[in-house]
Amino acid sequence: MLNGEKMLFSGMQATGTLTLGNYLGALNNWLTLSDEYKCLYCVVDEHSITVRQDPAELRKRARNLLTLYIAAGLDPEKNIIYYQSHVSAHAELAWILNCYTYMGELQRMTQFKDKSAKHADNINAGLFTYPVLMAADILLYQADVVPVGIDQMQHLELTRNIAERFNNIYGDVFTVPEAYIGKVGAKIQSLQDPSKKMSKSDENVNASIYLTDDRDTIIRKFKRAVTDNEACVRYSDDQPGIKNLITIYSAVTGKTPAEVEAEFAGSGYGDFKLAVGEAVADRLNPIQAKQADLLANKDYVDSIIKNNAEQANYLAQKTLRKVQKKVGFPERIR
Ligand code: TYM
């Protein structure tokens, strides 16, 4: 809670090409929550440099992501849509919170273990303290709710622990945030190996639907999706490929898994896969067109970037000043 308003914070990395998993696990829920809260949607470019990036490419991807938020339906007049690197308080609070986070806690983070295995030649300190920057993002705005996919739950738990630890020492400084996990789509699996999550870093391009994929590509990838020999559209753990496709279709159409089963009772997998592909393309294609318009409208997007960063800075400073005072930094002389 900040200034008497219920707050929502969430963000995405501007790394790689976003997937349908990012859209259904996060962005889609952001849209449904944005009327109930004062919302901040951040492009977390500072998190991205924990893995080596090409600077020009990172800048481009960050702008693509920011425009995607808007194209997907988040209103930049009502919500604060901004770059993490434009609000220096994120990094400043992260430093302070680093001093209230234990090495053991960070060593347990599965994302750190996965990423260090993947980038064995660059296990940098930023990769290790990545979750502390994420905690700073959230706590800076006194977020009540943080909509994320299941893979971010461990980081959310750590954020809550850091907030509670800090509050126990200094009084009620931070709102302890709750995760919001959507009813459907919180864990979208790979189309080629339904035991793995759909990930932007998968080397197999057929495993993921990218938010930039055109209609034909989307339909082709769904046609190739791995299924089974049961020949029955059923929402069951015994049929993980079909279950994943039902989840995707449910998330996009708003139908329940039972309704999807009923709709495709007696249909072959070919028809079902085509329907899923068409439904996903129908959802993504208009967003892509809107994003292209925004990217062409430089002045408008620049004005959003400027105005929204100012609003985020204003809110962030409130919490940062309070925290600095609590830990004992000298008062500023005016
Ligand atoms: P990132 O950029 O990896 O993912 C962005 C969001 O997409 C969700 N997601 C998925 N959901 C369902 N199925 C999938 N296959 C799938 N893949 C990704 C993620 O759970 C996430 O919600 N550390 C964060 C970014 C971040 C953040 C924050 C998020 C930084 N600070 C503060 C919330 C609040 C990350 O790397 O997400």
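The values are calculated or read from the model by the stated rules, or taken from the named source; none is laboratory data. This one's a predicted model, so the numbers in the text were calculated from it and none came from an experiment. Don't worry about glycine lacking a Cβ; one is built from the backbone with ideal geometry, like all the others, and counts go over all protein chains shown.
Quick one: is Asp193 away from the ligand (no atom under 14 Å from the Cβ) and either outside the structural domain of Trp95 (by TED's automatic domain parsing) or under 19 Å from Leu8 (Cβ atoms) (or both)?
no
In the set Ile81, Ile70, Ile49, which member is crowded, with 23+ Cβ neighbours inside 10 Å and at pLDDT 95 or above?
Details: Ile70 fails: crowded, with 23+ Cβ neighbours inside 10 Å; Ile49 fails: crowded, with 23+ Cβ neighbours inside 10 Å.
When all the criteria are applied, what remains is Ile81.
Could you tell me whether Ala179 is outside any helix (DSSP H, G or I), aliphatic (A, V, I, L, M) and within 10 Å of the ligand (Cβ to nearest atom)?
yes
Output the residues belonging to region 62-86 that are in a loop (DSSP other than H, G, I, E, B) and of a type in the set (D, E, K, R). Full working, then the answer.
Step one: list which residues in region 62-86 are in a loop (DSSP other than H, G, I, E, B), which gives 72-79.
The answer is Asp75, Glu77, Lys78.
So which of Gly268, Gly254 ends up being touching a residue at least 24 places away in the same chain (Cβ under 8 Å), surrounded by fewer than 16 Cβ atoms within 10 Å (Cβ to Cβ), among the small types (Gly, Ala, Ser) and out of contact with any strand residue (DSSP E or B) (no Cβ under 7 Å at 6 or more places or on another chain)?
Exactly one of Gly268, Gly254 is touching a residue at least 24 places away in the same chain (Cβ under 8 Å), surrounded by fewer than 16 Cβ atoms within 10 Å (Cβ to Cβ), among the small types (Gly, Ala, Ser) and out of contact with any strand residue (DSSP E or B) (no Cβ under 7 Å at 6 or more places or on another chain), namely Gly268.
Does Tyr100 satisfy the criteria of being away from the ligand (no atom under 15 Å from the Cβ) and among the hydroxyl-bearing types (Ser, Thr, Tyr)?
The answer is yes for Tyr100.
How many of the residues making up region 203-225 are assigned to a loop (DSSP other than H, G, I, E, B) and either over 26 Å from the mean Cα position of the chain (by Cα) or surrounded by fewer than 17 Cβ atoms within 10 Å (Cβ to Cβ) (or both)?
First pass over region 203-225, keeping only residues assigned to a loop (DSSP other than H, G, I, E, B): 203-204, 208-209, 211-214, 224-225.
Then drop every residue that is not either over 26 Å from the mean Cα position of the chain (by Cα) or surrounded by fewer than 17 Cβ atoms within 10 Å (Cβ to Cβ) (or both), which leaves 203-204, 212, 214, 224.
Of the residues in region 203-225, 5 are assigned to a loop (DSSP other than H, G, I, E, B) and either over 26 Å from the mean Cα position of the chain (by Cα) or surrounded by fewer than 17 Cβ atoms within 10 Å (Cβ to Cβ) (or both).
Is region 291-298 home to any residue that is buried (at least 18 other Cβ atoms within 10 Å of the Cβ) and out of contact with any strand residue (DSSP E or B) (no Cβ under 9 Å at 6 or more places or on another chain)? Even if it seems obvious, please write down each step before you answer.
Pass one, region 291-298, residues buried (at least 18 other Cβ atoms within 10 Å of the Cβ): 291, 294.
Checking which are out of contact with any strand residue (DSSP E or B) (no Cβ under 9 Å at 6 or more places or on another chain) leaves us with 291, 294.
Yes, because at least one residue in region 291-298 is buried (at least 18 other Cβ atoms within 10 Å of the Cβ) and out of contact with any strand residue (DSSP E or B) (no Cβ under 9 Å at 6 or more places or on another chain).
Hey, among Ile209, Ile162, which residue is among the β-branched types (Val, Ile, Thr), touching a residue at least 40 places away in the same chain (Cβ under 8 Å) and under 19 Å from Leu245 (Cα atoms)? Reasoning before the result, please.
Numbers: Ile162 fails: under 19 Å from Leu245 (Cα atoms).
Only one candidate passes the filter, namely Ile209.
Please verify whether region 139-159 includes one or more residues that are of a type in the set (S, T, N, Q), within 13 Å of the ligand (Cβ to nearest atom) and either more than 30 Å from Lys273 (Cα to Cα) or touching a Gly at 6+ places or on another chain (Cβ under 6 Å) (or both).
Yes, the conditions are met somewhere in region 139-159.
Is one or more of the residues making up region 318-333 within 18 Å of Tyr69 (Cβ to Cβ) and surrounded by 19 or more Cβ atoms within 10 Å (Cβ to Cβ)?
No, region 318-333 contains no residue that is within 18 Å of Tyr69 (Cβ to Cβ) and surrounded by 19 or more Cβ atoms within 10 Å (Cβ to Cβ).
For region 117-152, which residues satisfy the criterion of being farther than 22 Å from Ala91 by Cα and either assigned to a helix (DSSP H, G or I) or of a type in the set (Ser, Thr, Tyr) (or both)? I'd like the intermediate steps shown before the answer.
Residues of region 117-152 farther than 22 Å from Ala91 by Cα: 117-121, 149-151.
Selection gives Ala117, Lys118, Ile150, Asp151.
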